[in-house]
1. Measure off 7 Å from each Cα along the Cα-to-Cβ vector at Leu22 and Glu94, then give the distance between these two points in nanometres to one decimal.
2. Please name which of Ser59, Ala71, Leu18 has its Cα lying farthest along the dipole of the chain towards the positive end, using unit charges on Cβ (Lys, Arg +1; Asp, Glu -1) and the Cα centre as origin.
3. If I fit a long axis through the Cα atoms of helix 9-25 and take the longest principal axis of the Cα atoms of the chain, what angle between them do I get, 0 to 90°, rounded to 10?
4. Among Ala66, Ala38, Ala79, determine the one that fluctuates most according to a GNM of the chain built with springs between C-alpha atoms less than 10 Å apart.
5. Could you please report the charge total around Pro89, scoring K, R as +1 and D, E as -1 over all other residues with beta-carbon less than 11 angstrom from its beta-carbon?
6. Nearest 10 degrees, 0 to 90: what angle lies between the long axis of helix 60-84 and the longest principal axis of the chain (Cα atoms)?
7. May I have the extent of the alpha carbons of the chain along their three principal axes, as whole Å values ordered from largest to smallest?
8. What does the helix-only formula give at 222 nm for the chain: each DSSP H stretch with n ≥ 4 adding -39500 (n - 2.57), the total divided by the residues, and the result rounded to the nearest 500 deg cm²/dmol?
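Every read-out reported here was derived from the displayed coordinates using simple, explicitly stated rules and does not represent laboratory data. Nothing here was measured: the structure is a model prediction, and the numbers come from that model. Methodologically, a virtual Cβ is constructed for each residue, glycine included, from the backbone with ideal geometry; neighbour enumeration extends over all protein chains shown.
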Amino acid sequence: MTAADTAEPAERMLVAELVGLLNDAEHYLMGTPDQRLAFLERRAKLLHRLVDATGDESSRYLAQDAEDRAAAARAGAEALAAQCGDPQPAPRQE
């Protein structure tokens, strides 16, 4: 029996999301601005969920930093779009 066999469904879901996020990181620079924003927001959300799942509040600052960076990237993209007359970035995915 492996660790994967004994893992709870929620744990398996977190692992699957982490693997997907890591896979997407390989293509981050080649993505569109909307894809990069979505990646940053997914990363922040997943880090918060990992901290919640592990109970390691000492790592919460990493999740908060990722969230702050995603918010700053979105604000910058929205400001640039407004300045250039381009379409606004895709809405944040919840």
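1. 3.1 nm
2. Ala71
3. 40 degrees
4. Result for the chain, Cα springs under 10 Å: Ala79 fluctuates most.
5. Working: positive: Arg36, Arg74, Arg92; negative: Asp34, Glu41, Glu78, Asp86.
With Lys, Arg at +1 and Asp, Glu at -1, the net is -1.
6. 20 degrees
7. Largest first, the chain extends 57, 27, 20 Å along its Cα principal axes.
8. Working: 4 runs with 68 residues, N = 94.
For the chain, the value works out to -24500 deg cm²/dmol.
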